Number of protein chains: 2
Amino acid sequence: MAYEIITSVQNPLVKRLHQLLDKKGREEQGRFLVEGAHLVEEALKSGAHVVTVLYDQERNLDPACQRALANHPQDTQVIAASAAVLAKLSETKSPQGIVAEVNKTANEWDEWVNKLSDQDDTLLLFLDEIQDPGNLGTILRTAEAAGVDGVVLGKGSVDIYNGKVVRATMGAMFRLPLFMRELGQAAEEWKRQGGRVLVSSLAQDSVAYDQAEYSGKIALVIGNEGRGVSKEMLACADQFVHIPLYGKAESLNAAVAAGIFVYEAQRNRRR
Amino acid sequence: MAYEIITSVQNPLVKRLHQLLDKKGREEQGRFLVEGAHLVEEALKSGAHVVTVLYDQERNLDPACQRALANHPQDTQVIAASAAVLAKLSETKSPQGIVAEVNKTANEWDEWVNKLSDQDDTLLLFLDEIQDPGNLGTILRTAEAAGVDGVVLGKGSVDIYNGKVVRATMGAMFRLPLFMRELGQAAEEWKRQGGRVLVSSLAQDSVAYDQAEYSGKIALVIGNEGRGVSKEMLACADQFVHIPLYGKAESLNAAVAAGIFVYEAQRNRRR
């Protein structure tokens with residue numbers, strides 16, 4: 001750990017970190033920002049490489065983060081900074097006084113899926129162009145809570161390293177195997193390993209969510225907020241599943257629907 | 001219907017409507033604003049009194065809203081305005097080109113609860129200090145979709161007429177009996193009518209959500225995002241119910257938890 005204090009928002013490190021608030025900067029640098037003691041602690045405790053931690057010198061370094069830093073296997077630069085610097089790097093109304101710069105870590109889908117054996121009762125979530133950052137983050141939080149084994153994100157999704165997504169996951173994104181992969185291809189490889197695909201859809205032969213066959217290796221597909229699941233993924237479906245609407249609502253919120261769907265799958269698999 | 005065109009953001013009507021973007025203005029006037037063709041249409045079709053509709057003269061009045069206006073039983077002022085006026089009254093990034101001013105309508109809890117008979121299999125939701133507007137709106141949307149018979153909002157909740165809440169309900173708030181009532185009192189009156197109270201809580205004797213007794217007259221209580229259910233409501237509980245967490249997450253998002261809870265109640269009641 002190296003100690004220095006940064007007080008200028010013009011400091012080159014601050015300028016570089018500030019670029020991580022935009023998708024372009026995150027893609028160029030291959031890193032993203034995490035704000036708040038709880039998320040920084042979760043990042044440090046996960047397998048992710050935390051490159052830099054910046055904290056408000058007036059508020060001191062959070063004790064839980066200090067402990068997590070002591071056990072973090074990678075080299076992390078820990079730097080005190082002024083409140084103005086932390087405010088510059090904050091996306092929230094009240095800056096949390098701590099941010100961390102984290103390396104994006106890619107999970108290798110091909111490797112992972114090819115290692116699955118016939119005995120594995122894996123439960124996956126395929127996310128098909130989820131657009132709202134709060135929805136995506138909440139779905140990841142729910143998936144981790146429900147004990148999902150992995151999440152595959154297709155190309156049209158909102159950037160998972162967007163600050164709103166990261167905050168809405170409440171740290172779950174650091175504990176969940178995430179794969180970025182073209183969904184149609186991933187589904188094909190999944191099926192080749194004996195996996196089944198259950199697609200959330202109101203198609204004619206769709207069964208009620210509590211009547212679906214959830215045993216074995218299954219992937220649940222959740223579609224875009226407005227358009228639902230893409231044609232490509234509808235074509236991959238082994239079964240269409242829907243959540244009944246008893247009122248006059250035309251649909252459920254995507255994160256709520258994902259939660260009801262994945263919890264019903266687990267309820268069935270565990271009984 | 002009276003026709004005129006408002007082009008100045010200084011127009012007294014525009015100034016008065018602008019006050020409805022704040023809670024204080026909504027309380028003083030007893031009205032609230034609804035933005036976007038879909039929500040305005042839902043408001044017009046519901047029993048609510050729509051006092052004024054303002055639409056962007058360059059975009060014309062939405063045809064579905066025109067039809068709903070023709071059937072709306074109350075007197076509604078329909079006024080064309082400039083894009084600048086609509087932008088002034090908009091809370092969204094891209095103004096929708098139409099807003100409506102709607103009278104708050106209070107449902108009378110006492111009257112409603114006293115009319116319940118022994119045979120009624122009513123399903124209620126009690127919301128105990130939900131703070132996030134998106135969560136509250138999404139819970140109302142889910143409740144309506146799940147066929148809940150009514151929602152009781154306690155005192156500490158975020159203002160239900162907040163624009164973010166209204167938008168997140170996707171119109172469900174106009175189709176759902178809503179009661180504003182001190183929750184402890186409402187629970188007492190509910191129990192006097194033979195209703196049971198199921199509280200979402202991790203208390204020691206809490207049962208898994210799929211093991212609870214959901215038959216008859218029941219109220220499900222959903223607590224605050226951080227603190228959970230208040231002591232007062234814990235004390236009213238006939239049964240504590242929880243959703244198991246299989247990962248390392250400490251909790252679920254409040255709207256997701258409400259969705260899983262209420263859909264499981266309906267699944268049980270309908271089989």
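Summing charges over neighbours of B:Leu61, with a neighbour being any other residue whose Cβ is under 15 Å away from its Cβ, gives -4 when K and R count +1 and D and E count -1.
Antiparallel beta bridges, as assigned by DSSP with both residues in the range A:1-126, represent about 60 percent of the total such bridges. Once you sort the root eigenvalues of the Cα gyration tensor of the range B:109-270 as a ≥ b ≥ c, which label holds: rounded (a/c under 1.5), prolate (a/b larger than b/c) or oblate (the other case)? Since a/c stays below 1.5, the shape of the range B:109-270 is classed as rounded. Let me make sure I get this right: for the range A:5-103, a, b and c are the square roots of the gyration tensor eigenvalues over alpha carbons, sorted descending. Under 1.5 in a/c it's rounded, otherwise prolate if a/b > b/c, else oblate. Which is it? Cα axes put the range A:5-103 in the oblate bin. Across peptide A:240-249, the average count of Cβ atoms from other chains found within 10 Å of a residue's Cβ is 6. Can you tell me the 0 to 90 degree angle between the C-alpha axis of helix B:183-192 and the longest principal axis of chain B, rounded to 10? In chain B, helix B:183-192 runs at an angle near 60 degrees to the longest axis. Between the Cα long axis of helix A:133-145 and the first principal axis of chain A there is an angle of about 70°, rounded to the nearest 10. For chain A, the pair-distance distribution built from all alpha carbon pairs, in bins 10 Å wide starting at 0, is 7, 28, 30, 19, 12, 4, 0 percent. Shielding value for A:138-146 is 6, the average number of Cβ atoms from other chains within 10 Å of each residue's Cβ.
Here the average projected area of the convex hull drawn through the C-alpha atoms of the protein assembly as shown stands at 28.0 nm². All distinct Cα pairs of the range B:52-132 go into the 1/r average, and the inverse of that average, the Kirkwood radius, is 16.4 Å. Rounded to whole numbers, the Karplus 3J(HN,Hα) couplings from phi for the range A:246-260 are 8, x, 9, 4, 8, 6, 9, 4, 4, 6, 5, 4, 4, x, 5 Hz, using 6.51 cos²θ - 1.76 cosθ + 1.60 with θ = phi - 60°, and x at Gly and Pro. Full extension of the chain segment joining A:Arg16 with A:Gln211 gains 65.0 nm, where the gain is 0.36 nm per residue of separation less the Cα-Cα distance. In terms of distances greater than 31 angstrom between alpha carbons, the cross-link table entries A:Lys45/A:Lys191; A:Lys248/B:Lys93; B:Lys24/B:Lys231 yield A:Lys45/A:Lys191. Of all DSSP-defined beta bridges confined to the protein assembly as shown, some 30% are antiparallel rather than parallel. Residues in the range B:33-39 carry Karplus couplings, in order, of 9, 10, 10, x, 4, 5, 5 Hz; the curve used is 6.51 cos²θ - 1.76 cosθ + 1.60 with θ = phi - 60°, and Gly or Pro positions show x. Amide hydrogen proximity for A:Val152: with H placed 1.01 Å from N in the peptide plane, the residues at 5 or more positions away or on another chain lying under 5 Å are A:Leu125, A:Phe126, A:Leu127, A:Phe179.
The mean count of C-beta atoms from other chains within 10 Å of the C-beta of residues in B:256-268, rounded to a whole number, is 6.
A short reminder: the numbers here are calculations on the coordinates, not readings from a lab. Being a predicted model, the structure only gives us computed values, none of them experimental. Don't worry about glycine lacking a Cβ; one is built from the backbone with ideal geometry, like all the others, and counts go over all protein chains shown.
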